[in-house]
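Working notes, beginning with the structure itself.
The values are calculated or read from the model by the stated rules, or taken from the named source; none is laboratory data. Please read all numbers here as calculations on a predicted model, not as lab measurements. We place every Cβ from the backbone using ideal geometry, glycine too, and count neighbours over all the protein chains shown. Note: accessible area is taken over every heavy atom of the protein model, side chains too, but ligands, DNA and RNA are not part of it. Shrake-Rupley method; radii C 1.70, N 1.55, O 1.52, S 1.80 Å.
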Amino acid sequence: MTESSNPYRLARAVVPSAYRIFLTPDLEKGTFAGRVEVDIEITESITEMTLNAVDLELGAATISSDGTSYRSLEHRVDENYQTVTFVFDRDLPAGPAVFEIAFDGAFNDQLVGFYRSTFVDDNGVTRTIATTQFEESDARRAFPCWDEPSFKATYQVNLTIPSDLAAYSNSPVDVDTDLGNGQRSVSFKPTMKMSTYLVAFVIGPFEETAAMDVDGVPLRIVCPVGKLHLTDLALEASAFGLRFFTEYFGIPYPGEKMDMIAIPDFAAGAMENLGCITYRETALLVDPANASQPELERVAQVVHHELAHMWFGDLVTMEWWEGIWLNEAFATFMQLVCSNAFRPKWQIWVMQNTFRNLALQIDGLDSTRPIEYEVISPDDTRAMFDLLTYEKGGSVLRMLEQYLGEEIFRDGIRQYLKKHAYANTVTTDLWDALEETSGQPVREMMNTWILQGGFPLVTFDKGQLSQQPFRYGPKKSPSAIGDHWLTPVLTRSLEGGGSTRYLLRDEAVSVTDQAPVVVNAGGSGVFRTRYGSAELAALSPRVSELEELERATLLADSWAALLAGAITWSDFFSVAKGLGDDDEPNPWEFVVTAVDMTRRALDENQRDILRLQVRELFEPQLARLGWDRREGEGDLTAQLRASVILMLGVFGANDEVRAEATRRYEAGTLDGDLAQSLLRVVASLDRPGDYEAFLEHYRSASTPQEQMRYLVALGSFNDERVALDAAEKCFSEFRTQDAPLVLPLYTRNEITGPAVWRYVTSRWDEATARFPKNTHARLASGIPTFIKDPAFADEVEAFHRAHPVSGGYPASVDQWLELMRVGLSFAAVIRPQF
């Protein structure tokens, strides 16, 4: 491997092969002491050795080589590149050696590296946990190391901890010794060869399920004491996932055991540490009897996402961080494959349309980016953890799978994983494997989707398919939106027969299917679709014959066309009425979104017209569905019922719906599927005392999902005093993992949102100091809803241009600002239509 010219990357003059890590954390003081021994190979004679370390107090380094010991004279710390260079007085000879160093550190409050988390147990006692989060470049905060994915090694972890606490790491416990002084030493077996960002150790007052034997793999769900009753779904989904992926990939699970651990304070959703996956509590712990359908689906899908990483990411790992998109996109795609097999009635692939649309909404902006781009620094890496990596990347892989065929695609994945097991790869290694198994121009095709931003609008007119770049407004220069795609398009005739495949280039192609024709058959295409007048006239009377995902895609594309000014509100409303009695909730999601955005644009007298239209559309649905689950209805019907109640109670101002929502809230009968909608309806009424009651429900919630329902619902109160109090509590009471997520939700409130935004920005320096760095950009994610007042939009843009963020996909702020401008244009166009 050639040396990199990237100054953030380490030279390969020294290559580690095996770490032995010794740590003694003091949970009360918030500090830890450690020592690490590393078997290394010195590839050329050197007098200086550089590796990664940050926020650690380091002792002298010792190198033992061929019976001779070398001790460093000094070391230099480079804070910019997060490295430490040890200087020796003699040449270190080439060959095998052992590096050893002692160090001290402190737990941080940024939820990265080795950090502290707390929770209050059932007795009201605050308990402390020490845990890790090393992706992408934060193992260096816990121990000195070669903290790059290509420096794969084994890791043997040794922890000295209080005797009453549990301890977990990537591999099984080897030796557990009581030291007789209230402490014990826990030594874990060495891991497989893997990257530093996958190392984990967790210490605290946990309890665990009995180990389930999953074809020889011990599986446990681990949680803070008192929450074991919330683990059943995660255990079932995990066991299914381990078996499913073992068969799908054709490779046994590469670890020796699997612990799934719920952490009270966790910045992301979960982290794929080999054999020791850590989770935000809402992504692992759930009570199926009281949860909504989306809450259940979230647990299963996050579990399956992380398990997919055990093969795709952990066993085979990207060589450098520009490849993280493939790790995350593939896991996003595979979570849907696995969860669909786990619960076919959930119709997971229809929900994938929501993922696709979230990505395409950003990808139609001039400020979009390619899925893969050059990564230099850790900040560049953090910018990759966004919708374009996960949702667009996963959707593109689904499109490729459907075009190649599921078995051919799977065979290519198997070949890729077997060839590169325990090693590192670049993106083109996967295309090579898929080209070999399919005989298709995968590399040429995928380069047009991965290496440029944007996506095409595929038009079916006068019997021909053609494409052009989709964008919400006129082209700006420069623009990240590309110009040409090699687009796999599937069509089918409603008169019967299978799908027809086309590989669309710049030239139009003739469609051979008998009319009426569905473009984007199956709904897997990552593009928008537009029909000519004759083609649309043939299709419209038979929309009910479309598959669920095809209908969802039609509504998503119609909403995008409305937002782009390509169709009128009347056109969109006609498509929405065409849904009829469809119980699939996903198409209706886009109706809800369109009504919400349109309402924000209208004057009060115009809203009366919209209210009547909302009632016209949704009152028949409520009459049909009723308020309560009926025998024989599908698993997803309750989601539609919740949307109907929300639309009528909040947007339709239906007094009967508001009264029934209030009655159910006061009676404490908040069915899990309806709970969020009922709370939003009640909050929107701004009754005295409800805000304080919501806060108490949040504080006494019995499940993580119930807690989040009330926390989110606080943003639906329209009283500015209440809204600002909730915003203040994000700084003083709510967990730092949650505050950056709910603050932008509070800014989305049409009435109080601007005041909340001004409050947050008045404390911007405090917010960026308090909240984890990778969440700073999220604080701006509510601004696309500021579409009514151009002067206020100018104020918002001026502030965010003057206060750029560096952590957590900072490019998203530019995208949200542009989306706000798209919304302002939409508002100006939609108002005259009412």
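What the table below lists for this structure:
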| read-out | value |
| --- | --- |
| Contour minus Cα-Cα distance for GLU74 and GLN183 (0.36 nm per residue) | 35.8 nm |
| Accessible heavy-atom area order of LYS189, LYS418, highest first, probe of 1.4 Å | LYS418, LYS189 |
| Gyration tensor (Cα) of the stretch 295-418, equivalent ellipsoid semi-axes in angstrom | 23, 18, 14 |
| Between 0 and 90°, nearest 10: helix 427-438 axis offset from the chain longest Cα axis | 60 |
| Area of SER700 that stays accessible when all protein chains are in place (1.4 Å probe, Å², to 10) | 80 |
| The stretch 100-226: C-alpha pair distances exceeding 21 Å, % | 47 |
| Calculated FRET value between ARG599 and VAL829, using beta carbons and R₀ = 22 Å, to 0.05 | 0.90 |
| FRET efficiency, 1/(1 + (r/R0)^6) with R0 56 Å, evaluated for ARG443 and GLU666 via beta carbons | 0.35 |
| Compactness of the stretch 724-776, expressed as Rg and Dmax over alpha-carbon positions, Å | 10.1, 29 |
| Net lengthening on full extension, SER732/LYS345 (0.36 nm per residue, minus Cα-Cα) | 135.1 nm |
| Probe 1.4 Å, protein heavy atoms only - accessible area per residue of the chain in square angstrom | 36 |
| C-alpha long axis of helix 393-404 to longest principal axis of the chain, angle in ° | 70 |
| Portion, in percent, of the accessible area of the chain that falls on carbon or sulfur, probe 1.4 Å | 49 |
| Descending principal axes extents, the stretch 119-173, alpha-carbon based, whole Å | 46, 23, 16 |
| Measure of compaction for the stretch 425-468 (Cα Rg per 2.2 N^0.38 Å) | 1.50 |
| Charge-dipole axis of the stretch 301-444 as Lys and Arg at +1 and Asp and Glu at -1 on Cβ define it, positive-most pick from SER367, ILE408, LEU430 | ILE408 |
| Two-decimal ratio, the chain, of alpha-carbon radius of gyration to 2.2 N^0.38 Å | 0.97 |
| Kirkwood estimate for the stretch 737-834, i.e. one over the average of 1/r between Cα atoms, Å | 13.7 |
| Lysines whose Cα lies under 20 Å from that of LYS418, excluding same-chain neighbours fewer than 8 positions away | LYS152, LYS193 |
| Evaluated at q = 0.16, 0.21 Å⁻¹: base-10 log I(q)/I(0), Debye formula over Cα of the stretch 607-701 | -0.67, -1.05 |
| Chain lengthening between GLU48 and ALA537 when straightened (0.36 nm per residue, less Cα-Cα) | 168.6 nm |
| Cα Rg, Dmax (largest Cα-Cα span) when computed across the stretch 452-529, Å | 13.4, 45 |
| Approximate spin-label separation ALA289-ALA701, in nm, with each point projected 7 Å along Cα-to-Cβ | 2.0 |
